[in-house]
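The values are calculated or read from the model by the stated rules, or taken from the named source; none is laboratory data. Here the structure is a predicted model, which means the values were calculated and not measured. Here Cβ is always computed from backbone atoms with ideal geometry, including for glycine, and neighbour counts include all displayed protein chains.
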Amino acid sequence: MIRKIALFGGAAILAFAAFAPAATAATPPVDNTAGHASCGTVSKGVIKPKPTLTNAGGVPTVLAVSGTLGGCSSGDVAVTFPEGKSKFKGSISSADNGCAGLSGASTSTGTITISWGTTPAVSNKSTVVTIPSGSSVGGFGVFAGDLHGTFTLGAPEGAALSATGGFLGGDGGASSHASVITQESVPTILAGCADVKGLKQINIGVAGLVSG
């Protein structure tokens, strides 16, 4: 009897195994090392200097930058970018916190890390962008009838960027660039600079970014 039960049990296991679904291998990540990516929307984008920016200036400051990317796509890497899943965060160091430095080429340096949210996953989930001296250029432009601040990173307006990680475009990120239009008008920015507490924050209104 015991032998019959053992045989029956073994047969049941074999029968179950015959109908069990075969295990599938996990989808390998898509190689995005030399690919390109572009994003046309930034939400919750902020630039926060510490110490604050003032008209007097005279002390070093660090600008913390962060935001969420949207409207992203790639023409040569087979992935999609779910809205709100890609983000950036970094810091830029400046030798002077004077508001006059917001205009023209800047000697500020720093790094910005872009964290990519993609479907399917990519082999390099982040891009670390290095900002050399002369890469950041500030200016002004009229949008919707108001004068706003503008900033660009990278060539051709400023010195070329460099990067490590994903979406490097085959040139180490040298072709990467970004442009920003401030949410605040120039008069609002200048009022913050003149305030006794200084300009605490600049909000990113419209921005575009190309990696690679």
Condition check for Thr164: assigned to a strand (DSSP E or B) and farther than 20 Å from Gly67 by Cβ: yes
Residue in region 178-188 that is surrounded by the fewest Cβ atoms within 10 Å (Cβ to Cβ), counting only those that are of a type in the set (A, V, I, L, M, F, W, C) and closer than 20 Å to Ser115 by Cα: Ala178
Enumerated strands (runs of 3 or more DSSP E) restricted to region 25-108, each holding at least 3 residues that are charged (D, E, K, R): 37-50
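Every residue, every condition in (1) more than 28 Å from Ala144 (Cα to Cα); (2) over 19 Å from the mean Cα position of the chain (by Cα); (3) of a type outside the set (D, E, K, R); (4) crowded, with 19+ Cβ neighbours inside 10 Å, yes or no:
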site: Gly169; (1), (2), (3), (4): yes, no, yes, yes
site: Ser176; (1), (2), (3), (4): no, no, yes, yes
site: Leu190; (1), (2), (3), (4): no, yes, yes, no
site: Cys193; (1), (2), (3), (4): no, yes, yes, yes
site: Lys200; (1), (2), (3), (4): no, yes, no, no
site: Asn203; (1), (2), (3), (4): no, no, yes, no
site: Val206; (1), (2), (3), (4): no, no, yes, no
site: Leu209; (1), (2), (3), (4): no, no, yes, yes
Residue within region 172-190 that is under 17 Å from Ser103 (Cα atoms), out of contact with any His (no Cβ under 9 Å at 6 or more places or on another chain), part of a loop (DSSP other than H, G, I, E, B) and of a type outside the set (S, T, N, Q) present: no
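Would you confirm, using the coordinates I've provided, whether Leu63 is in contact with a Gly (Cβ under 7 Å, 6 or more places away or on another chain), under 20 Å from Gly149 (Cα atoms), touching a residue at least 12 places away in the same chain (Cβ under 8 Å) and not small (Gly, Ala, Ser)?
Taking the combined requirement at face value, the residue does not satisfy it.
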Which numbered condition Thr188 misses (of (1) without any contact (Cβ under 8 Å) to a residue 40 or more places away in the chain; (2) in contact with a strand residue (DSSP E or B) (Cβ under 6 Å, 6 or more places away or on another chain)): (2)
Selection within region 40-76 - among the charged types (D, E, K, R) and either crowded, with 20+ Cβ neighbours inside 10 Å or over 18 Å from the mean Cα position of the chain (by Cα) (or both): Lys50, Asp76
Checklist (1) at pLDDT below 95; (2) surrounded by 10 or more Cβ atoms within 10 Å (Cβ to Cβ); (3) closer than 28 Å to Ser115 by Cα applied to Ala37, failing item: (1)
Phe151 vs. criteria assigned to a strand (DSSP E or B) and either modelled with pLDDT of 95 or more or touching a Lys or Arg at 6+ places or on another chain (Cβ under 8 Å) (or both): yes
